[in-house]
Amino acid sequence: MTNTPKGTTNTTTHQAASVDPLNEWRRLNLRVKGQPKHFKNHSQRILFALQHKLHQYLPGALQDLFIALGDSGRPLRVRLYSLVLPLLDQHDREYFHEWLAHDSDATLGSYRFPGSVLISQSANHEQTEPDPYSPPDAGTVIERSRHAITYGRTEIAQTLLEEACLNQSTRPDIGLVEELLSFYAATRQRGASEQFANYLKQQHKFNLSDHWKQVLESAKEW
């Protein structure tokens with residue numbers, strides 16, 4: 001995920017070709033979660049999904065933009081809705097058409113599309129069925145957390161990683177530690193990052209690498 005040190009490549013072309021679309025999609029999801037009012041991030045995510053044919057996540061990315069804009073930004077809302085409209089099914093079209101008609105989702109249920117990382121506070125929070133996009137029970141913690149991030153369920157990913165790293169009698173696995181630190185950094189959770197680093201040092205005598213020390217230092221500017 002984000003902020004993990006990466007090797008360098010010789011050419012920009014090779015770098016572009018080697019990008020895993022789902023890894024980049026997860027990175028964009030976490031960026032939107034951490035900076036929901038940075039509308040350029042929303043636009044980039046929608047365009048990325050279009051470019052890489054991640055069409056199943058377009059309704060979720062569009063829903064996040066609508067939530068973040070609130071009752072403002074109608075021109076941007078309409079422009080991006082029109083851009084993805086040909087790729088939406090009838091149900092999705094009706095959902096966003098209703099939202100645009102009222103400039104609000106107050107008349108809509110609290111359904112979260114796949115890929116949506118934000119939760120509306122104005123939707124009609126009626127009783128809903130279990131989330132079909134929750135991660136499966138099978139798989140490692142990292143696999144399940146990344147599945148959750150892919151589908152926008154970042155709160156589930158955070159819980160999975162924290163349960164695996166915190167309040168454990170044994171020293172946590174370095175891979176899980178870096179995954180959780182990456183998550184905190186990508187979602188700009190400065191306080192959680194600092195608390196986790198202190199927990200590792202005090203409970204497990206765990207010294208972070210220079211890279212993560214630099215990330216924590218830069219977090220002071222968030």
Name every residue in region 103-136 that is among the polar types (S, T, N, Q) and assigned to a loop (DSSP other than H, G, I, E, B), in order of residue number. SER104, THR107, SER110, SER116, SER120, GLN121, SER122, GLN127, THR128, SER134
Using the structure shown, decide if GLY109 is within 17 Å of PRO36 (Cβ to Cβ), in contact (Cβ under 8 Å) with a residue 12 or more places away in the chain and under 22 Å from the mean Cα position of the chain (by Cα). no
Unique residue being free of Cβ contacts under 8 Å to residues at least 40 places away in the same chain, buried (at least 18 other Cβ atoms within 10 Å of the Cβ), of a type outside the set (Gly, Ala, Ser) and under 30 Å from LEU54 (Cβ atoms) when the list is LEU181, LEU161, LEU200: LEU161
On the basis of being under 20 Å from ARG45 (Cβ atoms) and surrounded by 13 or more Cβ atoms within 10 Å (Cβ to Cβ), does ARG153 make the cut? yes
Taking into account only those residues within region 203-222 that are farther than 22 Å from ALA164 by Cα and either among the hydrophobic types (A, V, I, L, M, F, W, C) or free of Cβ contacts under 8 Å to residues at least 24 places away in the same chain (or both), which is surrounded by the fewest Cβ atoms within 10 Å (Cβ to Cβ)? GLU221
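Rule-based calculations on the coordinates, nothing more; no lab input. Predicted, not measured: the structure shown is a model, and the values here were computed from it. Reconstructed Cβ throughout: ideal geometry from the backbone, glycine too, with neighbour counts over all protein chains shown.
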